[in-house]
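Only one structure is covered here, and it is reproduced in the block below.
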Amino acid sequence: MIAFKNIKKISDFEWEIEKTYRKGMIVPVRVFASEEIIKGSLDDNSLEQAVNSTFLPGLRGHFCVMPDVHQGYGFPIGGVAASDFETGVITPGGIGYDINCGVRLLSSDIPYDLAAPLLEDLALLLFQNCPSGVGKRGIAHLSSKDFQNICTHGSNWALKNGYATPTDIEFTEDNGCIPGADLNAVSPRAIERGIAQSGSLGSGNHFVEVDVVEEIFDEKSARIMGLTKNNLVVQIHSGSRGFGHQVCTDFVREFQPLNSKYRFNIPDRELVCAPIQSKEGQKYLSAMSCAANFAFCNRQLLSSVIRDTFEEVYFKETNKFHLRLVYDLAHNIGKVETHNINGKKQKVCVHRKGATRAFGPGSPEVPEKYRQIGQPVLIPGSMGTASWVMTGSETAMKKSFGSSCHGAGRVMSRTQAKKRVRGETLLKQLMEKGVFIRAGSISGVAEEAPEAYKNIDLVVESAVGAGLVNKVAKLRPVVVIKG
Amino acid sequence: MKALLPFPDFEEIPHKADAALIIYGLSLPEIFSHAVLGMYHIMGIIDKNQRKVEGRIVLQASDSETMLVTFLTELLFLAETGIKAEVFELNINRNILNAKIYKTPVSSIAKEIKAVTFNEMRIIKKDDVYQTKIIFDI
């Protein structure tokens, strides 16, 4: 097991586990976190998992660990790795089962004071209108042709069918569509699961949250993003549902024989991988892109329902009930990108598992509106606590393949959380703080209790301290919908 | 006789983000049957107590771990379609699993399992008892 003495300090928020720590490591591990967070992460296997992940052939630079790190399976959550596009590998375990799980933020011109008397109604109607919970069917009833189009065209299907505006597409990462998606690479089982669930939230830590912009740290960036102090905003956290889960399951199984076929030395079967340029690697990329496009469209469909719900609740109070998309991003994904590594431009496949793209100012991939300030980075906190809106930085481009943290990160297991926290008590406490929660399961609420997670403010301070992101605004929750 | 065995069918062990079980059994097929019970325990699955319909799951896999992941994944899918399975006979021979099941409609599921993972899974036999760890993505 890794001990604190095995971790070399580079600066207050940057640490390294050197390549010499274990024979077979291809790159070192670089951890972006405070000493307190690093010491906390030693009580689980997350850094061991980071070390295991460095065995993946063709990795470049270093394996990055974000301050919200916690133990996952295969990669740790909060892990980022870049593998050479020509000679490296792609691993489904470095992307996760919920392919393109991500977050979007919508802004509004509705002031909290005007909204407050109707927030309880809003919570009830959002809960009613957004399908949530285990295996729930989605709002869209799709034909096979529709599903194929969603997988191939992502959010553009939603635009064509009246669920999106052109600006929604503009402000979604990759314009809501990753090229190269091919449904022929996907199993019939995955398709069957996906058709039923398009436009659904899911369960676990997925949510719809209405927040108030509590504090602004960067007036210019906030203005460009359309964020105004004391106005309502909405966050949606969901992914590719059973479709993505099945795609990942299929390929983790399909890749099992590849360890011996390609003579890889991978210490964890969950990290099985294929050379990116092999037929197996290309097939996975095509299938993963289908699931990613499905997830972009899924969050778009949920946005459409939420917009309708806002109109229904607030149209008598204001004519400014429209919700504008600030940004939509993926935090479980593999992306082909070009980065400057050791002074040389290299085309790599960046695996982000529980990590957010955080491209800095000037990046051509960032929408023109944000190109001057850097990509909006959305870091939701745990249930009932603050969330943060940030921007990506030049430092992130140099140090972390343009990546940052994606949330708070767990410190307590679900079982522990349920032992320590009573769901009913927590709901009451949050109600007293002015947070209306509607959830499918009381025990699910206890599992997601704030004390089960790291303090989001400390995680954000680490990311800022490491220079990966800059603060724009802090959000305070007022309505939470959970599956 | 079963109650006298010095180990449970399965036990839940702490995992920070997901769910983890240690499964015990006196034979390989028993490990599989107990893993189903453990997975359903995590899901908090409740059936409708209606008439049971007999069914069968047959699958092939290159090794025991892949077979276990595949078998549990199949049951996860059945649960998503509203069916709970009760395994009443299970044979494994030459990398082929043949399970006879009773299918009953699901009344409710408390927790969604996204996937059965290979992470840290290794079926071993120690002192005549088979055991393995299973980590589920929640």
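The values are calculated or read from the model by the stated rules, or taken from the named source; none is laboratory data. Worth saying up front: this structure is predicted, and the values here are computed from it rather than measured. Every residue, glycine as well, gets a Cβ built from its backbone with ideal geometry; the counts of neighbours run over all protein chains shown.
Tabulated data
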item: Given (1) within 14 Å of chain A (Cβ to nearest Cβ); (2) part of a strand (DSSP E or B); (3) buried (at least 22 other Cβ atoms within 10 Å of the Cβ), index of the condition B:Val69 fails; result: (2)
item: The one condition in (1) touching a Lys or Arg at 6+ places or on another chain (Cβ under 9 Å); (2) closer than 25 Å to A:Ala190 by Cα that B:His15 fails to fulfil; result: (2)
item: Filter result (crowded, with 19+ Cβ neighbours inside 10 Å and of a type in the set (D, E, K, R)) within segment A:397-417; result: A:Lys399, A:Arg410, A:Arg414
item: Selected residue (criterion: nearest to B:Ala110 (Cα to Cα)) from residues of segment A:128-138 that are more than 11 Å from chain B (Cβ to nearest Cβ) and surrounded by fewer than 18 Cβ atoms within 10 Å (Cβ to Cβ); result: A:Gln128
item: Matching residues in segment A:222-258 - criterion: being in contact (Cβ under 8 Å) with a residue 40 or more places away in the chain, of a type in the set (S, T, N, Q) and farther than 30 Å from A:Leu118 by Cβ; result: A:Ser240, A:Gln246, A:Thr249
item: Some residue of segment A:410-420 being more than 14 Å from every other protein chain (Cβ to nearest Cβ), of a type in the set (Val, Ile, Thr) and not in a helix (DSSP H, G or I); result: no
item: A:Gly194 being modelled with pLDDT under 95 and on the phi > 0 side of the Ramachandran plot; result: no
item: Verdict on A:Ile95 being within 14 Å of chain B (Cβ to nearest Cβ), among the aliphatic types (A, V, I, L, M) and either touching a Ser or Thr at 6+ places or on another chain (Cβ under 8 Å) or without any contact (Cβ under 8 Å) to a residue 24 or more places away in the chain (or both); result: no
item: Which listed residue, of A:Val69, A:Val89, A:Val27, A:Val51, is away from chain B (no Cβ under 14 Å), closer than 30 Å to A:Ser289 by Cα and buried (at least 24 other Cβ atoms within 10 Å of the Cβ); result: A:Val89
item: Count of residues meeting criterion [over 16 Å from the mean Cα position of the chain (by Cα), on the phi < 0 side of the Ramachandran plot and within 11 Å of chain B (Cβ to nearest Cβ)] in segment A:72-86; result: 1
item: Enumeration of residues in segment A:235-262 that are in a helix (DSSP H, G or I), more than 19 Å from A:Ile150 (Cβ to Cβ) and more than 9 Å from every other protein chain (Cβ to nearest Cβ); result: A:Phe251, A:Glu254, A:Leu258, A:Asn259, A:Ser260, A:Lys261
item: Residue satisfying condition, being surrounded by fewer than 23 Cβ atoms within 10 Å (Cβ to Cβ) and either touching a helix residue (DSSP H, G or I) at 6+ places or on another chain (Cβ under 8 Å) or part of a strand (DSSP E or B) (or both), within set A:Asn319, A:Asn340; result: A:Asn340
item: Tally of residues being in contact with a helix residue (DSSP H, G or I) (Cβ under 9 Å, 6 or more places away or on another chain) and more than 12 Å from every other protein chain (Cβ to nearest Cβ) across segment B:97-106; result: 4
item: Residue that is nearest to the other protein chains (Cβ to nearest Cβ), among those in segment B:1-60 that are surrounded by fewer than 15 Cβ atoms within 10 Å (Cβ to Cβ) and of a type in the set (Gly, Ala, Ser); result: B:Gly44
item: Matching residues, segment B:107-135, being farther than 16 Å from B:Ser33 by Cα, assigned to a strand (DSSP E or B) and within 9 Å of another protein chain (Cβ to nearest Cβ); result: B:Ser108, B:Ala115, B:Ile135
item: Qualifying residue in segment A:384-406 (condition: in contact (Cβ under 8 Å) with a residue 12 or more places away in the chain, in contact with a Ser or Thr (Cβ under 9 Å, 6 or more places away or on another chain), in a helix (DSSP H, G or I) and within 14 Å of another protein chain (Cβ to nearest Cβ)); result: no
item: Tally, over segment A:144-195, of residues that are acidic (Asp, Glu) and touching a Phe, Trp or Tyr at 6+ places or on another chain (Cβ under 9 Å); result: 4
item: Residue match in segment A:264-284 (condition: in a helix (DSSP H, G or I), under 17 Å from the mean Cα position of the chain (by Cα) and away from chain B (no Cβ under 12 Å)); result: no
item: Any chance B:Ile92 is among the aliphatic types (A, V, I, L, M), away from chain A (no Cβ under 14 Å) and under 28 Å from B:Glu54 (Cβ atoms); result: yes
item: Hey, A:Gly242 small (Gly, Ala, Ser), more than 22 Å from A:Leu124 (Cα to Cα), crowded, with 23+ Cβ neighbours inside 10 Å and out of contact with any Asp or Glu (no Cβ under 8 Å at 6 or more places or on another chain) or not; result: no
item: Residues satisfying the stated conditions in segment A:422-448, i.e. more than 14 Å from chain B (Cβ to nearest Cβ) and within 23 Å of A:Ile379 (Cβ to Cβ); result: A:Leu426, A:Leu430, A:Lys433, A:Gly434, A:Val435, A:Phe436, A:Ile437
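Matching residues to (1) surrounded by 18 or more Cβ atoms within 10 Å (Cβ to Cβ); (2) within 14 Å of chain B (Cβ to nearest Cβ); (3) within 25 Å of A:Pro376 (Cα to Cα); (4) hydrophobic (A, V, I, L, M, F, W, C):
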| position | (1), (2), (3), (4) |
| --- | --- |
| A:Asp168 | yes, no, yes, no |
| A:Ala181 | yes, no, no, yes |
| A:Ser187 | no, yes, no, no |
| A:Lys229 | no, no, yes, no |
